[in-house]
Every structure is written in structure tokens, then in C-alpha cells.
Amino acid sequence: MRSRDGNNYSSFTICLLVLFNSLALNASEYLISYRYVVKDFVLYNEKLQVSHAMKPCLGYTIDSVLLESDGKKDIKKIIDKNSAQFIDFIHKIGLNVVHDSVTKNSKNTSTTIMTLKTTCFKVDINQNFAKITALN
């Protein structure tokens, strides 16, 4: 449909573009790291560190995940509540897995360490969901 000035939805397209860019620019930036250690099939240590980025993160987006937030604004609580989904997400973007197995005197011991190096994420939180986007 044409407007009176003859343009085809150009003003609508510009408004959508401005709205999309403003949402992306209003996202909070967080630095997240994760480490999970299993020794002899028993969870030994799990550590999730989340902090606000002190300066703007540079890079391009890699992938995104939507986590249910239930109106919460604390990103660490949101990640803890949806931990299985978040672990699957960080595994896709670059979770490093190291496994070591040693047998001495007929006794087998093993250690598995999963690590996400400190990575910058853009986080948009609304009433129902948190959109977490990894940056490279």
C-alpha cells in the first residue's frame, strides 16, 4: 500500500529498524565464566561467575538463548534456575572439556573439567524471559 507521499512503507521500515537497534543497544553486558569439575564420577566443584562489564564489549554476536525469568532481574538466579539449558548453550559456543583417566595398582581414577573462559554476553531481561547473546 502506498502512502500519500508515494513511499512504500519506508517510514514503517525505518521505525522498526530504530526500535530493533535501540533494543540491542539497551542490553546489559555481562562477563560470565563457568567451571565444573567431576572427580571419580562425583561432582567436586561447580563455579559460575557473573559480573557487569566495566567497558563496552566489542565483537559480533555468536548465538542466543531464551531463559525463563519469572520477573526476576538477577541474571545469576535466572541462569541457576535454567542451568541445564544454559550449559547446553555454552557447550555450543565453546565450552572446553578436558578428561583425564589414570589407572594405578588396579585402581581407576578420573577427572573431568568443563570450562567456559570469560566471555561477554548481552542480556535483555523482560517480564517473562531473558535473552542471552554471546559475543566473540
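The values are calculated or read from the model by the stated rules, or taken from the named source; none is laboratory data. Please read all numbers here as calculations on a predicted model, not as lab measurements. Cβ sites come from the backbone with ideal geometry, for glycine too, and all protein chains shown count toward neighbours.
Observations
- Here Gly71 meets the list (1) part of a loop (DSSP other than H, G, I, E, B); (2) within 11 Å of the chain's Cα centre (by Cα) almost entirely, failing just condition (2).
- Scanning segment 15-42 for residues that are modelled with pLDDT under 90, surrounded by fewer than 11 Cβ atoms within 10 Å (Cβ to Cβ) and either small (Gly, Ala, Ser) or part of a strand (DSSP E or B) (or both) gives a single hit, Ser22.
- Restricting attention to segment 94-134, the residues being surrounded by fewer than 16 Cβ atoms within 10 Å (Cβ to Cβ) and either of a type in the set (A, V, I, L, M) or on the phi > 0 side of the Ramachandran plot (or both) number 6.
- Count - residues of segment 86-124 that are closer than 18 Å to Tyr30 by Cα and in contact with an Asp or Glu (Cβ under 9 Å, 6 or more places away or on another chain): 7
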